[in-house]
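The values are calculated or read from the model by the stated rules, or taken from the named source; none is laboratory data. In this text, all values refer to a predicted model and were calculated from it rather than measured experimentally. Cβ atoms come from the backbone with ideal geometry, glycine included; neighbour counts cover every protein chain shown. Just the protein is used for accessible areas: all its heavy atoms, side chains included, with ligands, DNA and RNA removed. Shrake-Rupley method; radii C 1.70, N 1.55, O 1.52, S 1.80 Å.
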Amino acid sequence: MNLTSPREVVALLEASGIRPNKVLGQNFLIDRNILDAIVAAAELSPGDVVVEVGPGLGVLTEALLAACARVVAVEKDVGLHRVLAARWGGEPRLELIHADALDVDIPGFFAAGATRLVSNLPYAVGARIVVDVATCEAAPPVMVVLLQKEVAERFAAAPGSADMGAASVWLQQRYDISIVKTVKPSCFHPRPEVTSAVIKLRRHDRHPLDATARAALQALTKAAFLHRRKQLAAALRDAPGGLARDAAFTRRALAACGAPETARPEALSVEQWIALSAHWRVDS
């Protein structure tokens, strides 16, 4: 079966009584070039264990099984899970889990030895899955995921960009992020209403933080970006969770970090955010 053939995909869906669910972001990849680009970017070896969230009909699952040691696939939809089980139920290298990914301990797979997250992520949960995995203690060395282009651009945003946000800081503290390929709606069945992108996240060790420091960074950036139009001195004056500081303190801390005293949240680099967070921790 060729799962990149629109005709065969439509026939399989009809035969299985499956109607794609827009709410769940069920858009099946039908472009061989995009599929190959995802697998190539993942740099898989025969010893890798891959976690795949939202395998759908299994087009990526099939390619992953051909390139790595084992795949752990989490599928929420009962009909799609039935299709996957019928085709690969006897495959010992595939662990097929029928569950909502948000109810599964996805980071736990990496703590147990999984080495990659490679997925065409459902639009509804894609951003959360990436952030949860990237910020967990056993975050994998490489992730390659397909999600909405606007989300990809936020994750990879540079300081000063309107796309820069709290999640940009959290991810870039641990990962170099690149957009591998833009993906047109015509590469899916059914066609989504948005453009997508394949992004690659590769771990780096330039900004090592322990769990406590990382949690503090996340709390401070989350509070600051709630008021991204305000200067940080104003945005953090009434910050929740014991993070509030007067404007004078914030301006001094910004100056010590090499940032303008009038800076808004998106203006700071990851390094400056880490330094600013350290000031907050010392003050607390």
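Note down the nm distance, to one decimal, between modelled labels 7 Å out along Cα→Cβ at E14 and at R206.
My value for the distance between the label points is 5.2 nm.
Compute the accessible area per residue over segment 207-276, keeping the other protein chains in place, probe 1.4 Å, unit Å².
About 49 Å² of surface per residue is accessible.
Scan around V180 for amide H atoms under 5 Å from its own, H built in the peptide plane at 1.01 Å from N, and keep only partners 5 or more places away or cross-chain.
When sequence neighbours closer than 5 places are left aside, the close amide H contacts are V198, I199, K200.
Direction-averaged shadow area of the convex hull around the Cα atoms of segment 191-279, nm²?
7.8
Run the numbers on the chain and let me know its relative contact order in percent, using alpha-carbon pairs under 8 Å that are six or more apart.
It comes to 15 percent, rounded to a whole number.
I need the phi-derived Karplus couplings for segment 17-28: 6.51 cos²θ - 1.76 cosθ + 1.60, θ = phi - 60°, integer Hz, Gly and Pro marked x.
Result, ordered by residue: x, 9, 10, x, 9, 5, 4, 8, x, 7, 10, 8 Hz.
Greater than 21 Å separation of Cα atoms is the criterion. Which listed pairs, K149/K200; K149/K184; K22/K76; K76/K149, meet it?
K76/K149
Can you compute the helix-only [θ] at 222 nm over the chain? Use -39500 (n - 2.57) per DSSP H run of at least 4 residues, normalise by all residues, nearest 500 deg cm²/dmol.
Rounded to the nearest 500, the figure is -11000 deg cm²/dmol.
Share of antiparallel DSSP beta bridges in the chain, in percent to the nearest 5?
DSSP beta bridges in the chain are roughly 50 percent antiparallel.
Express the carbon and sulfur contribution to the solvent-accessible surface of the chain as a percent, rounded to the nearest whole number, probe 1.4 angstrom.
Solvent-exposed carbon and sulfur of the chain make up 51 percent of the total.
Would you be so kind as to identify all helices of the chain, as entire DSSP H runs, whose Cα atoms reach 18 Å or more along the helix's own axis and whose mean Kyte-Doolittle hydropathy is at least -0.5?
211-225, 270-283
In straight Cα distance, which lysines are under 21 Å from K230, not counting same-chain residues fewer than 8 positions off?
K222
Taking the structure as given and computing mean projected area of the Cα convex hull in nm², which label from (1) 16.0; (2) 13.7; (3) 14.9 fits?
(3)
L243: accessible area at probe 1.4 Å, nearest 10 Å²?
30
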